[in-house]
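Laboratory data are not the source of any read-out in this text; all were calculated from the coordinates shown. All figures in this text were calculated on a predicted structure; none of them were measured in a lab. Here the Cβ positions follow ideal geometry from the backbone for every residue, glycine too, while neighbour counts run over all protein chains shown.
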Amino acid sequence: MAVGDVISEALLVVRKVTVKANEDIEAGEVIYNDGNGFLAAPNTVTASHLYVALEAHDYSAVSEHTIRAALTGHINVQKATGNTIYDGDLVMISSTAGEVALYVKGDCPTGSSSTYYTTTIEAGIQTAIDKHEIIVGTASEDAATGATDVNVWVGVK
């Protein structure tokens, strides 16, 4: 099995999407639309929809800049090394754009009553809330710390 492979067609929703100018995309990479086309999703994205690329795209090598991408489905997705994922765990975009890691819930900062409403505290709370936006789906298998891919029910939280 290779990254970007469809594991089963249950819940599979596939679209053709346009790649952002001068962006390369790898199969199995989590992608999003920044308003100018699709590219690898960073862990700071707050897009309402995350997709998984079902095919690779080398922007400079071709003249057609559309690829097939899954909005939902059971897909083999690129995984960042450094954490273990178990069957049933939520996965989110890692610090490496386009790759998933074990979901870690946001942690709101604390402050005293005199500092609670500062801009820094408010920004920290928003960052914690936004962590939920980068959930890609639910792992359907165990993946060891050194694994570079994992089967995920994309879009299933």
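How do 25, 7 rank when sorted from fewest to most other Cβ atoms within 10 Å of their own Cβ? Present the calculation step by step, with values, prior to reporting the outcome.
On the way: 25 24, 7 16.
Sorted ascending by nearby Cβ count, the order is 7, 25.
Provide 23, 9 in ascending order of the number of other Cβ atoms located within 10 Å of each residue's Cβ, fewest first. Walk me through the numbers before you get to the answer.
Values: 23 16, 9 9.
Ordered by Cβ neighbours within 10 Å, fewest first: 9, 23.
If you plug each phi of the stretch 16-27 into the Karplus form 6.51 cos²θ - 1.76 cosθ + 1.60 with θ = phi - 60°, what whole-Hz ³J(HN,Hα) values come out, in order, with x for Gly and Pro?
Rounded to whole hertz, the list is 8, 10, 8, 6, 4, 3, 6, 9, 9, 10, 9, 4.
For a quick check: with amide H placed at 1.01 Å from N, whose amide H comes under 5 Å from residue 136's, ignoring anything fewer than 5 positions away on the same chain?
Here the answer is 91, 92, 93, since their amide H atoms fall under 5 Å of that of residue 136.
Would you look at the GNM of the chain, springs on alpha carbons closer than 10 Å, and say which of 125, 67, 75 moves the most?
Largest GNM mean-square fluctuation: 125.
For the charge dipole of the chain, defined by +1 on Lys and Arg C-beta atoms and -1 on Asp and Glu C-beta atoms about the Cα centroid, which residue among 83, 53, 37 has the Cα displaced farthest towards the positive pole?
Ranked along the dipole, the leading option is 37.
Please report the antiparallel percentage of the DSSP beta bridges confined to the stretch 6-154, to the nearest 5.
Details: 32 of 34 bridges.
Around 95 percent of the beta bridges assigned by DSSP in the stretch 6-154 are antiparallel ones.
Report, by chain and number, residues whose modeled amide H sits under 5 Å from the one on residue 28, excluding near sequence neighbours (fewer than 5 apart, same chain).
Residues meeting the criterion, in which the H sits 1.01 Å from N, are 4, 53, 54, 55.
Mind sorting 105, 20 by how few other Cβ atoms lie within 10 Å of their own Cβ, fewest first?
Working: 105 11, 20 20.
Ranking 105, 20 by Cβ neighbours within 10 Å, fewest first, gives 105, 20.
Determine the relative contact order of the stretch 6-154: mean sequence separation of Cα pairs under 8 Å and six or more apart, normalised by residue count, in whole percent.
Working: 368 pairs, mean separation 39.7, N = 149.
Computed value for the stretch 6-154: 27 percent relative contact order.
Nearest 500 deg cm²/dmol is fine: what mean residue ellipticity at 222 nm does the chain get from its DSSP H runs of n ≥ 4 alone, each adding -39,500 (n - 2.57), divided by its residue count? Don't jump to the answer; show the numbers that get you there.
Values: 1 runs with 12 residues, N = 157.
The per-residue figure over the chain is -2500 deg cm²/dmol.
Placing +1 at every Lys and Arg Cβ and -1 at every Asp and Glu Cβ, with all other atoms neutral, what dipole size does the stretch 6-154 have around its Cα centre, in debye to the nearest 20?
Values: 7 positive and 19 negative charges, 64 e Å.
Using only the charged Cβ atoms, the result is roughly 300 debye.
Take the chain, connect every pair of alpha-carbon atoms lying under 10 Å apart with a spring to form a Gaussian network, then pick out the residue of 14, 30, 100 with the largest mean-square fluctuation.
Highest fluctuation of the listed residues: 14.
Which residue, chosen from 22, 71, 97, occupies the Cα position most advanced towards the positive end of the dipole of the stretch 6-154, where the dipole is computed from +1 (Lys, Arg) and -1 (Asp, Glu) charges on Cβ about the Cα centre?
The residue sitting farthest along the positive end of the dipole is 71.
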